[in-house]
Every structure is written in C-alpha cells, then in structure tokens.
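Here is the structure we will look at.
Any read-out appearing in this document is the output of simple, stated calculations on the displayed coordinates, not a laboratory observation. Since this is a predicted model, take the numbers as computed values, not measurements. Neighbour counts are summed over all protein chains in view; Cβ atoms, including those assigned to glycine, are modelled from backbone coordinates with ideal geometry.
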Amino acid sequence: MKTKRALTTALLAGSLLISSGPTVAGTIKGKVTIARARNLADMVVYVEKAPGDFTPPKKHAVMDQKNLVFIPHVLPAVVGSTVDFLNSDQVLHNVFTPDKCAKKFNLGTWPRGEVRSMKFDQIGCSAVLLCNVHPEMEAYVVVLQNPYFAVTDKSGLYAIPDVPEGTYTLRVWNKKSLEFSQQVTVPKQGDATADLKLKG
Amino acid sequence: MKTSLKIRWRIPVSLLLVSLAVLSAGTAGAIPAFTRKYKTSCSTCHYAFPQLNAFGKAFRNNGYRYPGGDENFRKEDPVELGSEAYKRVWPDAIWPSDIPATGPFAIHAIGRYNMSFNQPDTVANNTFEFPHEVELLYGGTIGQEVSFFGEVEFETEGDEIEIAFPFRLEINHRRAFNVSLGSQTIDPTPNHMRLTRTKYNVSTLKSRNQWRLEDGQSGMQLWGAGNGSGGKGGWKYGAGIVNGQGVVDANRDKDVFVGMTYKIGGLGEIGGTEGQASETSAFYRDNSLTIGGLLYSGREAGATVAEKEDLTVLLGTADFWYARLIVNGSILSMKSDIAGLSDRKSLAWYAQGQYVLYPWLIGIARLESTDSNTDDATAARTTLVPAVVGMLRANVKFTLDYKRPISDYDLRKAAEEGFTAQANFSF
C-alpha cells in the first residue's frame, strides 16, 4: 500500500513536472565577428526555431525618440508583440516604415509625452523604422518566433539566457543582411558558447 | 535674414581682377554647417534648400538654435570660453560663452546653362555659366545669447566677378527681443530663399535712384517672434534703421523700416510640439496662413544733392500652406518724390503656386506684374515664370526655370524670354 502510494505520488509529481514546462535551461553566449568591421553592435543573435508556442509579453516593448535618435536602435521582439513608441524630445517626431511585412504603417506625428503603439505579427519581418521629419533617424524591429535572442554590444558580445536544453540553429540578423547560421547545443546543465564569424 | 552687399568696379574677367559690386543678388540661406552640428538632414529645416520649412523658420527664430533646449540636440560639444561659474564672477570677469568646436563653414556652388530666345545672330543665345556663384557660408552660436551668420560670395555677372562679404551678429536676449547688427535683409518675401532662378519682381523693382528691396543694407534691426494661441502659428516683427544705399551710406540720411507677420495655424513660430499631433506629416507640410506687411521709408541719393529721392514703400504678403501645396504672393507699392520732378508711383505684385509632386520634385508657377509708373501710358509688364525643381539629393538641386513675358511681344523680342537650367550643391 505504501509502495503503491509512493509510486502514485512520484507519477503525479513527474506529470506535473512535465506539464509545467522545461525547467533545465542555460545561457548561449559568445562573440560575433565580421572581418574588417569596426562596430559590431546591434546585431541580433537568435534561436531560429524553438519548440512550443510563445505568447508575447503583456508588457509592451518600448522604443523612444530622444535627442533625434531612436532608442534602442535595434529592437527584437516575439511575434505578436506590441511596441510603444515614445517622443521624449521637444520637437515633433514621426514613425513609419516602407516595409510590407509591417504593412507600411505610418503613426503620424505626435508631441512630447504622447505614446503611439504598433503590433508586429509577422515572423521573420525586420522592419526599418524611419522619421519623415528627421530623415537621418533609423531603427529596426526584428520579429522572431521565440524569446531566445540577444543584441550584440560594441565588441560583438552577446548572451541569450534561459534557453532550454537542446540543439538549435543559431542565426544572426544584421543591417547588411549578411547570412549566417550555426548549430549550437545547450547541455542539460551549464551554458553553451558559440562564437560566430560572419564574412564581411 | 541674409543679405549681400557688393561694390561694383567695372573690371572684366579677362584681366583676372576682381570687381566689387554695389548691389546685391539674393544669397543662399542654407548652411550645411548646421547639418554637421546636429547630424541631421538638410530637409529637417529646408523645404528644398534654401527655402525654409516650418521647423527651419522656428530654428532661425530661436537664434539658430533648436527649440526646446539646443544642448540636447547638438552632436558636438562647443569649446567653452569660460566656465559657467564665471557668470557669478561678473562684472569682475568677462561673461563666459562658447564657440563651435569644428569650423562652422560650408560651401554652396551654383552653375547654370542659359538660353535666351529672339537674339540676333551675332549674339550668343546659349551659354554655360560654370561657375555662376560660389559661396563660403558660416553661421552658428556663441554661447546662449549670441549668434552669427555670414558669407563670402563670388558671383559672375557678365564679364565681371563680384565679391560680397556680408555678415550679421545678433544678440538673442529673448525670443521676442533680438538685436541684429550688420547686413540686414529688409525683403520679407524673402527673395534669397526663392526656388526659381528668376528673382521676384517686387524685390527687383528699382526706384528712380536705383533703390530696390533686394539689396541688403548695413544697419541694425530689432526683431522678435512668438507662438500664437495653443502653441500654433504666431507672430514675428522687425524694425530697423539702415544706410539705404551702399556699404557706406551715400547720404546723410538713414532709412527706416518696420514689418510684421502673423501666422494662423501650423507649427509655432518659435517651435514646440503643443497642438501639433497629426496623422500625416512630412517635412514640407505646415497647414497655415501667414499674412504680413512692411513699411519702408528713406531718402536715396541721386547724381546730385538736388536729385535726392524721398521713398515710401508698402509691401503686403500672404503665404498659404496646405498639404502639398503652397500659394503665396506679394504686392508692393512704391512712391518716389524728387524735387522738381513729378512724383512717381510704382506697383508690382506676384502670385505663385508650388506643389510637391514628390518630396524630391516640385512644380512652380508664378505670375508677375510690374508697373514702374502707374501714371504713364505704358502698360504693366506681365511675366509668367514656370519652373520645376528636382532634388537629386538633399544637398544637390536642379532647377529648370522659364521666363516668358506675356503682356508685350516686344519684350520677348528684346531677349527677355528664355530659360535657365541651374545646378546647386552644397556641403
């Protein structure tokens, strides 16, 4: 009787463990390099496809316009995410995109303190964002299937946390559309390192 | 507002000497040095250089500073001429300020191909004019309350080269109260901001002693600007005293002027974002109506003291912007009194439409009428000026401009009719 109860408990616990999702995860980290490139910032390193359905976060992502610059310059987001666009300047700003994958939206012009939002719902879309008041302003929203992504710093370093155990295809998005992919395996315990060398 | 003063000596180019001309041509108002200071595009301030858009006018009305806190937008730190704390030491020290860290200079070059019709066989009826004009422009701010703007300009006029070197120093005490010292542009059109090669007739109409609105003058001006209700539109005024003619005054009398404009709707005259939310926007849009007036009074020297001319000029302007369209116009009335001669009244007006077909392609059509003497039997001269402006890049512009007198066939035969293809670039 005791053995039967213990076994039932173990089975129940095991089933709970399975249904609550993976609990073993590690960080994929490394460095992206491009021959002869001086600035390695603002590339998105991401897991191309991960098992499961991923709902976008309830908290909206934010892109600001401050001192005539979009901040951040590159914003990766899970498909279905809504991005709030702020204007923190004392001058008018505008956000629009010429890209079809983002329906060529134009949010108009709005003053400081106001927020306008846009939902990005096409996987694989990397929409360039422009301001038709200040043509030099530029930013990107990169729409991805899952939340396992990171943006490189000036040295090309990146770290993608909480990636479940498994083998994945790692890809790099960059403004110059340089193609790159590499397999990476996240162990049951510990982190994975992947240094990615792109051809310039 | 810009000006150029040229002193003319008739020296042909073939002698490789430079002549300095007395009367000015319109000078450019675009300055890529600001592009470098703020790392922003020309079209942030210009509809199509040198014509300013609404933000460019607000930038100018803020003493060449970004509205809302210039220090937040400039991308290069100036060189300090004293710590801020020296303000507390004054009057026992010089008030601190700063100057641009990198040279606030820019170059603007203009070349032309001119063709005139109805010329006799012995006269060249088409000419390449490269260069027509080259300018070294400079402008910027000195600390928080002083600004400057100037240029050195070389322009070919027939067989002569003209040099002009106007500049202006301004004390920007408040947006509503600025003092400008140096080369003043009285012309509110303003002619030097036009997009056509052909100048505005109201600016080039001459009095009997050769005064014209186009010419910049030495003097001083008090001016200011402010936003209207709800942060939209607003007002601008200017009042000044100038020599009247020449770099050095031609007589003992000074000329005076006062002018004002009022803008209804659109971006505030000194900028800001209040009330400016919209679903559509573009650097060339600013739905608004601006109306203005200018009164100028002076005494212009003649060949002898007895031939001095008392001059009174009244000018009215209207400038309507809506979506891609701009419709503007001016009407000028000039009254000239010379002792011993009949008074003379002159009347000139123009009406112009501009349409943005694409942000890089603008169509223009202008109708002008000029009557040098409304009391005589000679009819007013009417001219049509169609033009198209193409922006190859934000700082490279091509203009095709056609001038056609339509009221008098004799004028067309007198080679008034013709077209010009012009190329401008600046950096």
Worksheet item: Over the protein assembly as shown, what lengths in whole Å, largest first, do the semi-axes of the equivalent ellipsoid take, defined as the square roots of 5 times the eigenvalues of the alpha-carbon gyration tensor?
Response: 62, 26, 23
Fill in: With Cα atoms, 0 to 90° folded angle of helix A:2-19 axis to chain A main axis
20 degrees
Response to the item:
If the label point sits 7 Å along Cα→Cβ of A:Lys119, residues of the stretch A:57-72 with amide N under 19 Å come out as A:57-63
Worksheet item: Comparing B:Tyr38, B:Tyr358, B:Tyr402, which has the greatest mean-square fluctuation in the GNM of chain B with Cα pairs linked when under 10 Å apart?
Response: B:Tyr358
Worksheet item: What number, rounded to the nearest 500 deg cm²/dmol, is the helix-based mean residue ellipticity at 222 nm of chain A, given -39500 (n - 2.57) per DSSP H run of at least four residues and division by all its residues?
Response: -3000 deg cm²/dmol
Item to complete: Would you compute, for the Cα atoms of the stretch A:98-154, the largest minus smallest coordinate along each principal axis and list the three values in descending order, in whole Å?
Response: 34, 30, 21
Practice prompt. Take the eigenvalues of the Cα gyration tensor for the stretch B:161-306, scale each by 5, and report the square roots as semi-axes in whole Å, largest first.
Written response: 33, 17, 14
Worksheet item: In what sequence do B:Trp321, B:Trp90, B:Trp235 fall when counting other Cβ within 10 Å, fewest first?
Response: B:Trp90, B:Trp235, B:Trp321
Fill in: Cys residues of the protein assembly as shown counted as unpaired, since no other Cys beta-carbon is under 4.7 Å
A:Cys131, B:Cys42, B:Cys45
Worksheet item: Between B:Ser342 and A:Lys103, what is the label-to-label distance in nm when each label sits 7 Å out along the Cα-to-Cβ direction?
Response: 7.2 nm
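With Rg and the Kirkwood Rh both taken from Cα atoms, where does Rg over Rh land for chain A? Don't skip to the answer; put the middle values down first.
On the way: Rg = 20.6 Å, Rh = 18.9 Å.
A ratio of 1.09.
Taking only DSSP H segments of four or more residues, each worth -39500 (n - 2.57), what value at 222 nm results for chain B once the sum is divided by all its residues, to the nearest 500 deg cm²/dmol?
Numbers: 4 runs with 23 residues, N = 427.
Counting only the DSSP helices, I get -1000 deg cm²/dmol.
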Worksheet item: Say R0 is 22 Å: what FRET efficiency, to the nearest 0.05, do B:Arg252 and B:Gln210 get from their beta-carbon distance?
Response: 0.75
Fill in: Rotationally averaged projected area of the stretch B:13-426 (alpha carbon convex hull; nm²)
22.7 nm²
